[in-house]
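Peer 1: Structure incoming, see below.
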Amino acid sequence: MLEYIELTNWKTHGRSTLRFQKGVNVLIGLMGAGKSSVMDAISFALFGTFPALKHKRVKTSDIIRNVPEEHDYAEVALGFDSEGDRYVVRRRIPKSGVASARLEKNGKPFQSQPTKVTEEIEGILKIDYDTFSRAVYSEQNNMNYFLDLMKGDRKKQIDGMLGLDHFASSEEYTTTIINNIRALISGEEQGLAQADTAAVKEQVAALAKERSALAETQAKLKRQAESVTKDVSSAEKELKRIQEGYAKRKKIEEEIAALTSRIATLESEIRKISDMGIDEQAVEKELSVVREEGASSEAKAKSVTAEVRKAEKELAEASAAAKAAAERIRLQGEARKSLDGLLGGKEKASFKKMIDSLTDDISKLNEKLATLKSAMADALKWTAELKKHFDTCPLCGNALSREMKDRLLAEKEKTVEDSKRGIAGASSEIKARETELANLNEVYKSIERQEEKIKEYDGAKKEAEAAKASIGKLTEEKEKLTGRLDAVNAKLKEIGERAASLKAKKENAVRRKEYETEVAKSRERSGKAKEELSGIGASEEMMYAAQERLRTLSAKASELKSGIEGNDRYISNLDGQISDKTARLNEISKAKERIEERRGLLSEMNKFKNALVETEAGLRGMLVGSINEVMHGLWPELYPYGDYDGVRLEAMMDDYVLEARRDLSGNGNGSDAWVPIDAIASGGERSVASLALRIAMSMVIVPNLRILMLDEPTHNIDSAGMDKMISVLTETLPNIVEQIFVITHDEALKQIGMAKVYMFDRDKGSNGATVVSEV
């Protein structure tokens, strides 16, 4: 059962809340007041859509209230119960972004993804949107909808409501499949008619024969190629053997030539050294004497060099001392010049006197400043006391006249002002004297610093004279030592030249012995190489002959290979042709098998189609019978007159016809006839018949129907029909359906017994929001 609904910015609703009851709930209001919007909102809350939105007659943006001002979202919340559990579903449509949904169960979050929320609700209520829109909710002014349709459209719509449209779709799909199968059979039969199976078989046999003959030729060529390949391998090995022997021969010949050339060169060098007439023992003895003289001279050179380095060091130190003394003399001169500039012709003592004088002046000025500040503070205190006491003296407590008080105040205030001026003057003078004193102190300190520098550089002149004398002495000593060192170095050079000459003679003597040894070894190796050369049986002519034989055999092998490869390609081509034609024969055979299989499938599909037609007809008969049975019980309750004693829905081949039964004789003699409602009924009679059909179809489509929504069910019904309608809604339908919603502009429906009635109102002139009130 639906318990309540809350609408926020939903179409014309600003914020509306309706609480529903079991039984009948009536929503009454003028056109445009927002009644049908409540039914749309219920559908949207449950399934995320409603008929106008589903069929795109409105957009989601149209749902959000936009007058008299635009809003950012629309929201609906619906509370309902099922099988002892209480649920609340909320859906929000934002102006921008994605719609959201949330389902709560017994006060706790249950699902929050829009599609999942819809699926959960369909499972809870055991009804989907399609069934809900067909059986539960009829849109506004849609009661006579089926009577107003053309017969083809009416059959399609009623079949859709009864769920029979799936059979029509299946029949159409089955017919398409049958036609496709027939087309496939026809196409393959045409292909088989054009195929010459016997000719293809003859071609396959001829190709196979040709291939067999070519295969024999190919086998002979391969045997020849195998034999030639062995000969090529043997020729390659022989050529390699000859090439290796020839290469070895050339290498030995080159080695013999190199040895002969080397022996000649060495013998020439030996003769040159012998012509020098070198006595190796005499050379060695003289070289020993020269080495001893060299060692003695090197020791002496080392000793003199050390004395020169010492003299150079002492000379550098004396020069540095002279330079430092000169710098100190220069700095002392600068200090004297700075001191003269600071004194300016005065004595140092005069600066001290000026400093003491300024210090004394500043002390006196500070005393004056303290006196002025004390006088001003005393005057300010008196002024404050005089202002507090109106007629007594603050000091003695005696009576004080107004004139006396004013005169005293004026005197004290003048004292304050004078003190301020005096303080300002004294402060300024103190600051000036302090600045002057600071400058004098800085000058005095600079004088003392320069005096210290002059005293520090005393004696620099004597240091400079001593350094100059030392430099002269050290320079003379260095020159003497340098002369001694030059003499020693000249002696060392002479000894070095004699030693180099003797070493060269010794090296030549050693080299002659080495050359003689190498000549002996080279002659020995040359003899052995000539013996090896005589044992090698490979010549250039033999190598050329082997190369020619290998070339001839390789050409033969290449020719055979080309022939074999050509035959392989032709055999492959033959195999391809045989395979293609064999595949064609197989395809013809398979095509015949497919045709037979499809003929069998075609027969089965025709049987299936006939079964669909028969099942649809049988099910339609059962559903129409059930609808007519319900309408048979409803009609007397709904229709207030006796001229039509029953209504029924008749299923035709291409249409559904709503018929009424009437007595044609008018005397009740039993000559009743069923006639179409369209042909005989007034607007009100059509509406009552449509309402009976609407309720009956809902009860048949949903056997456990719990909710029924009727939008403007009293359209075109007269007062007697209205009375009957009120009676049905009061007594009959609540016993069949748990909860009924009636949307109407007719206030007569307030009379429905035990109904909960809501009145809807709205000031459309000012685009006002819907106002809902419970009656």
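Peer 1: Has region 612-624 got any residue that is surrounded by 13 or more Cβ atoms within 10 Å (Cβ to Cβ), touching a helix residue (DSSP H, G or I) at 6+ places or on another chain (Cβ under 7 Å) and more than 30 Å from SER690 (Cβ to Cβ)?
Peer 2: Yes, region 612-624 contains at least one residue that is surrounded by 13 or more Cβ atoms within 10 Å (Cβ to Cβ), touching a helix residue (DSSP H, G or I) at 6+ places or on another chain (Cβ under 7 Å) and more than 30 Å from SER690 (Cβ to Cβ).
Peer 1: Of the residues that sit in region 739-766 and are among the hydroxyl-bearing types (Ser, Thr, Tyr) and either modelled with pLDDT under 95 or in a loop (DSSP other than H, G, I, E, B) (or both), which one is most open to solvent (accessible area, probe 1.4 Å)?
Peer 2: Result: SER766.
Peer 1: Taking strands (runs of 3 or more DSSP E) that do not extend beyond region 30-120, which have at least 3 residues that are of a type outside the set (Asp, Glu) and open to solvent by 70 Å² or more (accessible area, probe 1.4 Å)?
Peer 2: Hits in region 30-120: 108-111.
Peer 1: Do you know which residues across region 636-679 are touching a Pro at 6+ places or on another chain (Cβ under 6 Å) and either among the aliphatic types (A, V, I, L, M) or at pLDDT below 85 (or both)?
Peer 2: Across region 636-679, the qualifying residue is only VAL657.
Peer 1: May I pose another question? Over 60 Å from the mean Cα position of the chain (by Cα), under 30 Å from GLU286 (Cα atoms) and of a type in the set (Ser, Thr, Tyr): does that describe THR517?
Peer 2: Yes: the conditions hold for THR517.
Peer 1: In region 426-447, what residues are open to solvent by less than 80 Å² (accessible area, probe 1.4 Å) and either at pLDDT below 85 or within 14 Å of MET354 (Cα to Cα) (or both)?
Peer 2: ARG433, THR435, LEU437, ALA438, LEU440, ASN441, VAL443, TYR444, ILE447
Peer 1: For the condition β-branched (Val, Ile, Thr), open to solvent by 60 Å² or more (accessible area, probe 1.4 Å) and in a helix (DSSP H, G or I), what is the one hit in ILE273, ILE263, ILE329?
Peer 2: Result: ILE329 is the single residue among ILE273, ILE263, ILE329 that is β-branched (Val, Ile, Thr), open to solvent by 60 Å² or more (accessible area, probe 1.4 Å) and in a helix (DSSP H, G or I).
Peer 1: I'd like the full set of residues that are under 18 Å from MET754 (Cα atoms) and either open to solvent by less than 10 Å² (accessible area, probe 1.4 Å) or not polar (S, T, N, Q) (or both), limited to region 5-29.
Peer 2: Those that are under 18 Å from MET754 (Cα atoms) and either open to solvent by less than 10 Å² (accessible area, probe 1.4 Å) or not polar (S, T, N, Q) (or both): LEU18, ARG19, PHE20, LYS22, GLY23, VAL24, ASN25, VAL26, LEU27, ILE28.
Peer 1: Report yes if LEU481 is in a helix (DSSP H, G or I), touching a helix residue (DSSP H, G or I) at 6+ places or on another chain (Cβ under 6 Å) and over 30 Å from ILE278 (Cβ atoms), otherwise no.
Peer 2: The answer is yes for LEU481.
Peer 1: Is one or more of the residues making up region 750-760 more than 30 Å from GLY14 (Cβ to Cβ) and aliphatic (A, V, I, L, M)?
Peer 2: Yes, region 750-760 has at least one match.
Peer 1: Residues in region 595-610: is at least one in contact with an Asp or Glu (Cβ under 7 Å, 6 or more places away or on another chain), open to solvent by less than 80 Å² (accessible area, probe 1.4 Å) and not polar (S, T, N, Q)?
Peer 2: Scanning region 595-610 turns up at least one residue that is in contact with an Asp or Glu (Cβ under 7 Å, 6 or more places away or on another chain), open to solvent by less than 80 Å² (accessible area, probe 1.4 Å) and not polar (S, T, N, Q).
Peer 1: Would you call GLY14 within 28 Å of LYS750 (Cβ to Cβ) and not in a loop (DSSP other than H, G, I, E, B)?
Peer 2: Yes: the conditions hold for GLY14.
Peer 1: Taking the condition open to solvent by less than 50 Å² (accessible area, probe 1.4 Å), in a helix (DSSP H, G or I), among the polar types (S, T, N, Q) and touching a residue at least 24 places away in the same chain (Cβ under 8 Å), does GLN243 pass?
Peer 2: no
Peer 1: While we're here: Does PRO114 qualify as being farther than 29 Å from ARG694 by Cβ, within 34 Å of the chain's Cα centre (by Cα) and in contact (Cβ under 8 Å) with a residue 40 or more places away in the chain?
Peer 2: It is true that PRO114 is farther than 29 Å from ARG694 by Cβ, within 34 Å of the chain's Cα centre (by Cα) and in contact (Cβ under 8 Å) with a residue 40 or more places away in the chain.
Peer 1: While we're here: List, please: which pairs have Cβ atoms under 7 Å, are six or more places apart or on different chains, and start with a residue in region 720-741 that is in contact (Cβ under 8 Å) with a residue 24 or more places away in the chain and within 19 Å of MET39 (Cα to Cα) and end with one that is open to solvent by less than 10 Å² (accessible area, probe 1.4 Å) and part of a helix (DSSP H, G or I)?
Peer 2: ILE740/LEU729; ILE740/LEU733; PHE741/MET39
Peer 1: From the residues in region 531-545 that are open to solvent by 80 Å² or more (accessible area, probe 1.4 Å) and modelled with pLDDT under 85, which one is nearest to the chain's Cα centre (by Cα)?
Peer 2: GLU541
Peer 1: Ok, one more. Going residue by residue through region 481-492, is there one that turns out to be free of Cβ contacts under 8 Å to residues at least 40 places away in the same chain, over 29 Å from SER268 (Cβ atoms) and open to solvent by 70 Å² or more (accessible area, probe 1.4 Å)?
Peer 2: Yes; the residues of region 481-492 include at least one that is free of Cβ contacts under 8 Å to residues at least 40 places away in the same chain, over 29 Å from SER268 (Cβ atoms) and open to solvent by 70 Å² or more (accessible area, probe 1.4 Å).
Peer 1: Same structure, new question: Where residues in region 196-237 are open to solvent by 50 Å² or more (accessible area, probe 1.4 Å) and at pLDDT below 85, which of them is nearest to SER539 (Cα to Cα)?
Peer 2: If we take residues in region 196-237 being open to solvent by 50 Å² or more (accessible area, probe 1.4 Å) and at pLDDT below 85, then LYS201 is nearest to SER539 (Cα to Cα).
Peer 1: Additional query: Please determine whether any residue of region 681-694 is under 21 Å from TYR137 (Cα atoms) and at pLDDT 90 or above.
Peer 2: Looking through region 681-694, none of the residues is under 21 Å from TYR137 (Cα atoms) and at pLDDT 90 or above.
Peer 1: Filtering region 686-707 down to residues that are touching a residue at least 24 places away in the same chain (Cβ under 8 Å) and out of contact with any helix residue (DSSP H, G or I) (no Cβ under 7 Å at 6 or more places or on another chain), which residue is least open to solvent (accessible area, probe 1.4 Å)?
Peer 2: It comes out as SER687.
The values are calculated or read from the model by the stated rules, or taken from the named source; none is laboratory data. Everything numeric here is computed off the predicted structure, so don't read it as measured data. For neighbour counting, all protein chains shown are included, and Cβ atoms are generated from backbone atoms with ideal geometry for every residue, glycine included. Only protein heavy atoms, including side chains, enter the accessible area calculation; ligands, DNA and RNA are left aside. Shrake-Rupley method; radii C 1.70, N 1.55, O 1.52, S 1.80 Å.
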